[in-house]
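The values are calculated or read from the model by the stated rules, or taken from the named source; none is laboratory data. None of these values were measured; they are calculated from a predicted model. Note: ideal-geometry Cβ built from the backbone for every residue, glycine included; neighbour counts use all protein chains shown.
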Amino acid sequence: MELRHQVIVIGGGPAGLNAAKYAANAGCNVALLDSAPRLGGQYWRHTGIESDDQSRHHNFDQGSLLMDAIIANPRITIYPNTTIWSASVINGEVVLRYKDGAFITSRLILATGAYDRSLPFPGWDIPGVMTAGAAQSLLKGSGVIAGKRIVVAGSGPFLLPVAAGLSSHGGKVVGLIEAAGKFAWLPEILSLLQNPAKISEGLGYLLTLRKAKVEMRFKQAVISAHADSDGLLESITVANIDAEFHITSTYSINCDVAAIGWGFTPDTSMAGALGLKEEVAADGSVVVAVDENQRASSAHSELHIFAAGEITGIGGSALSLAEGAIAGLAAADSRTNLRDLKKIRRKARRFALTLQRVYPIALGWKSWLTPETIICRCEEVTHAAIQSAFTELDADDARSAKLMTRCGMGMCQGRICSRNVADLLDSPDADRIKGVYRPIISPITLGELAQDGLL
Ligand SMILES: Cc1cc2nc3c(=O)[nH]c(=O)nc-3n(C[C@H](O)[C@H](O)[C@H](O)COP(=O)(O)OP(=O)(O)OC[C@H]3O[C@@H](n4cnc5c(N)ncnc54)[C@H](O)[C@@H]3O)c2cc1C
């Protein structure tokens with residue numbers, strides 16, 4: 001089946017929702033696609049049960065209004081449970097394949113968001129060690145508390161809603177371990193004062209954590225995890241670390257879940273498949289390069305391809321909303337309110353850069369690894385295997401390391417490990433960009449390929 005739409009938006013998170021709304025309000029017929037069964041993306045991931053959703057989100061009202069407006073808009077067709085696995089340009093149009101056929105358009109808005117950034121350490125593959133986002137998704141999307149004794153760790157403001165959400169819904173959070181210093185915000189206090197909504201959001205989480213007696217520890221990190229006789233997580237080793245993330249001393253904590261998040265990595269797979277220009281941002285992540293109107297740079301200048309939200313840089317939901325709105329207007333060739341939206345985007349981008357300065361991820365994490373530490377969990381490739389490919393086989397970039405060791409060749413196609421491998425190999429920017437190229441955007445079975453006539 002081939003479906004044509006004037007504007008297609010991929011991603012039903014804050015960026016994609018606003019992009020669809022603004023493009024439709026400017027007169028376009030819009031298709032909004034998402035692989036999830038419900039709109040909302042990561043930020044407004046929800047159970048669909050109103051009382052649950054209200055209590056598990058910081059500002060579900062805003063999301064709810066936006067999602068309701070989109071569902072009621074006759075110009076917007078929503079395609080849930082629709083995963084795009086390939087994107088290409090054929091005869092001057094973008095062709096997006098999903099399991100039942102293809103969507104075709106010449107005006108595309110990519111808003112595919114981000115996924116958790118993980119750092120490897122000995123034992124990070126033990127059941128019970130998960131990302132902070134996974135713990136959050138279980139709570140928000142299914143109402144499940146990930147474990148009985150939970151440690152939330154890593155770095156960044158996202159750890160606060162995760163720990164606060166778990167503890168206010170009956171989870172026992174036995175520690176919140178933050179790699180940044182307690183007073184890391186002090187040099188950036190002006191930027192914080194310019195964003196009073198962020199102050200009140202942060203204070204709300206801190207109050208919840210205080211009520212639940214969750215201990216917060218700073219300049220510390222989880223550096224190894226240990227399993228019990230059943231192979232499940234039993235304890236973690238926590239280190240006091242310096243500014244470079246080098247270990248100064250250690251102690252251990254018993255827990256059955258360690259929810260660890262080191263921020264997010266943009267999911268630019270679709271942009272890469274379409275050959276859009278990508279670049280390495282200040283925080284080291286590969287992002288889609290966009291102009292003032294969120295338009296991406298493509299060799300096919302006849303196409304109008306835009307990118308919005310976390311695929312253009314990690315910055316939170318407010319920035320995603322602003323970028324989505326601008327992309328939606330630009331896709332519809334409208335300029336209504338553009339100036340005000342750009343002002344909002346500027347402010348949100350400034351705040352995103354502040355966050356990156358307050359919560360830097362230093363490369364000293366590499367010193368936590370042992371030769372046996374798994375770097376690619378899908379293919380079980382160890383640190384020693386990557387090092388020996390580098391020293392003995394000249395594999396000095398992520399792609400060569402992949403060919404020599406199979407790291408990044410598994411189910412996740414390097415989403416988790418490619419950034420870490422690039423750090424281990426001290427790869428230059430061009431190699432980091434090549435390292436995230438995935439012609440197959442999401443896993444597909446041979447049967448589905450055959451059904452599509454592609455085999
Ligand atoms: C697991 C996780 C949990 C998070 N929880 C929070 C939180 O509680 N609070 C907070 O402030 N921030 C949270 N964040 C950060 C949050 O993602 C952003 O601030 C915000 O949601 C980004 O909006 P976005 O529209 O750019 O992307 P997202 O909200 O990530 O939306 C992207 C959408 O694109 C869809 N998509 C991606 N690829 C495809 C494809 N191939 N085919 C079809 N659809 C596709 C995804 O299903 C997703 O719904 C979380 C991030 C992650 C990764």
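Table for the structure above
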item: Residue 414 vs. criteria more than 16 Å from the ligand (Cβ to nearest atom) and in contact with a strand residue (DSSP E or B) (Cβ under 8 Å, 6 or more places away or on another chain); result: no
item: Check on residue 335, out of contact with any strand residue (DSSP E or B) (no Cβ under 7 Å at 6 or more places or on another chain) and free of Cβ contacts under 8 Å to residues at least 60 places away in the same chain; result: yes
item: Residue within the range 446-453 that is within 21 Å of the chain's Cα centre (by Cα), farther than 21 Å from residue 120 by Cβ and not aliphatic (A, V, I, L, M) present; result: no
item: Counted residues, the range 298-313 - those being touching a residue at least 24 places away in the same chain (Cβ under 8 Å) and more than 8 Å from the ligand (Cβ to nearest atom); result: 11
item: Filtered residue count, the range 72-90, keeping only those that are part of a loop (DSSP other than H, G, I, E, B) and within 12 Å of the ligand (Cβ to nearest atom); result: 6
item: Test result for residue 183, of a type outside the set (Gly, Ala, Ser) and under 30 Å from residue 288 (Cα atoms); result: no
item: Criterion: at pLDDT 95 or above and either surrounded by fewer than 18 Cβ atoms within 10 Å (Cβ to Cβ) or in contact with a Gly (Cβ under 7 Å, 6 or more places away or on another chain) (or both) - qualifying residue of 239, 212, 259; result: 212
item: Qualifying residues in the range 81-97 (those that are out of contact with any strand residue (DSSP E or B) (no Cβ under 8 Å at 6 or more places or on another chain) and in contact (Cβ under 8 Å) with a residue 40 or more places away in the chain) - the one nearest to residue 448 (Cα to Cα); result: 81
item: Residue among 179, 197, 164 that is crowded, with 21+ Cβ neighbours inside 10 Å and either of a type in the set (S, T, N, Q) or out of contact with any strand residue (DSSP E or B) (no Cβ under 7 Å at 6 or more places or on another chain) (or both); result: 164
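Each row is one residue, and each column tells you yes or no for (1) closer than 30 Å to residue 376 by Cα; (2) more than 18 Å from the chain's Cα centre (by Cα).
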position: 70; (1), (2): no, yes
position: 82; (1), (2): yes, yes
position: 97; (1), (2): yes, yes
position: 120; (1), (2): yes, no
position: 133; (1), (2): yes, no
position: 141; (1), (2): yes, no
